[in-house]
1. Run the reach check for K189 against aspartates and glutamates, Cα to Cα strictly under 19 Å, same-chain hits fewer than 8 apart removed. What comes back?
2. Please grab the % of Cα pairs in the stretch 54-152 that end up more than 20 Å from each other.
3. With each label point set 7 Å from Cα along the Cα-Cβ vector, what nm distance links T3 and L170?
4. First measure r as the distance between the Cβ atoms of L19 and L143, then evaluate 1/(1 + (r/R0)^6) with R0 = 45 Å and state the FRET efficiency to the nearest 0.05.
5. Place the peptides 120-131, 75-86 in order of packing, highest mean first, counting for every residue the other Cβ atoms within 10 Å and averaging per peptide.
6. In sequence order, what are the phi-derived ³J(HN,Hα) couplings for the stretch 104-111 according to the Karplus relation 6.51 cos²θ - 1.76 cosθ + 1.60 with θ = phi - 60°, rounded to whole Hz, with x for glycine and proline?
7. Restricting to lysine pairs 8 or more places apart or on different chains, what number in the stretch 16-165 have Cα atoms under 23 Å apart?
8. Quick check on the exposure proxy: order I52, I100 from fewest to most C-beta atoms within 10 angstrom.
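Please treat every number below as a calculation from the coordinates, not as lab data. Computed from a predicted model, the values in this text were never measured in an experiment. Cβ: placed from backbone, ideal geometry, glycine included. Neighbour counts: every protein chain shown.
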Amino acid sequence: YLTPITILLGGFANLLSFLVFTVTHLKRQSSSIYLASLAMADIIFLSSLTFIWLGGLPSQMKLSLFHQDIWCQLVLYSTHVTTFLSVWYVVSFTVERYIIVHYPLRKDRYCTPKRAKRVVISLAGIGLLLYSFVPITSGVSELEPGRGVCMPLPEYYSLNTITTLLDTFLTFIIPSFIIVSLNIRIAIKINYCSGPKFIRIASGRLRAQQRTARMLIIVSSVFVLVNLPQHGFRMYAFL
C-alpha cells in the first residue's frame, strides 16, 4: 500500500502547492512560476506512476492500460519528460536565487516572471524533444503467450543502456552538482549577510529574501537526496 499512499499524498501536496503559487499573491513572484511548474510536472509524473503501479498488480496484468500499446509508450514517455522537467525546474529557481543573492542589481533584469515563463516553456520543449526516442524504443513484449508487458524493447537493449546512463547524468549528476554548488555559495552569502555588521542595516525586504532563499535551499537539497536512491539503483542495474 506504500505506492498508492505516496501517490495520493504526493498528488494532494503538489495540487495544493500549484494552487498556492498560481492563485495567491505569491503568483507575482518569478520563483512561484518555477515552483508551480514543478508541482504540475510532479502531478503528471504521479499520474503516470499510477498506471505503472496498476500494471504491476498480478490481478490487473491483462486489464491494465499500461500493458497496452500506445498507453505503454505514452506513460513511459511522460515519466521521462516529467522527471527531466522536475529536476531542471529545481535547477532554474536555484540559479535565480543565486543571482538574487549574489547579484541583486541584476535581479530586475534576469529574475522576472516573464523570463521565468520563457525558461519553463523552453525546458518543456527541450524535454519533449530529448525523450522523443522513448516511444520508439519501448513497447509491449510477450514474455509468455497471452501476457504482454510494457518494457524497453529487447532489440534496443544497447541503445536503452546508453540512454539510461546519459539520462542519469542529465537528470541527476549534472543538476545535482549545480544545485549543491550554488546552494553552498548561497548559504555562505546569507550567513555572511546575517552577521552583526549587516543586521542593523538590513531592510525587511532583504530579510524576507533571505528567508525565501533558505527555504529554497532546503527544497532543492531535499530534492537531490530524495532522487539519489532512485538513480543509484538505475546505475547498479545497468553496470
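1. Of all the aspartates and glutamates, those that pass the test against K189 - Cα under 19 Å, at least 8 places apart if same chain - are E96.
2. On the way: 2641 of 4851 pairs.
Counting every Cα pair in the stretch 54-152, those more than 20 Å apart make up 54 percent.
3. Here the modelled spin labels are 2.5 nm apart.
4. Details: r = 43 Å, r/R0 = 0.94.
E between L19 and L143, to the nearest 0.05, is 0.60.
5. Details: 120-131: 15.3, 75-86: 22.2.
So the order, starting with the most tightly packed, is 75-86, 120-131.
6. x, 6, 9, 4, 5, 8, 9, 10
7. Values: K27/K107; K27/K114; K27/K117; K107/K117.
Qualifying lysine pairs in the stretch 16-165: 4.
8. I52, I100
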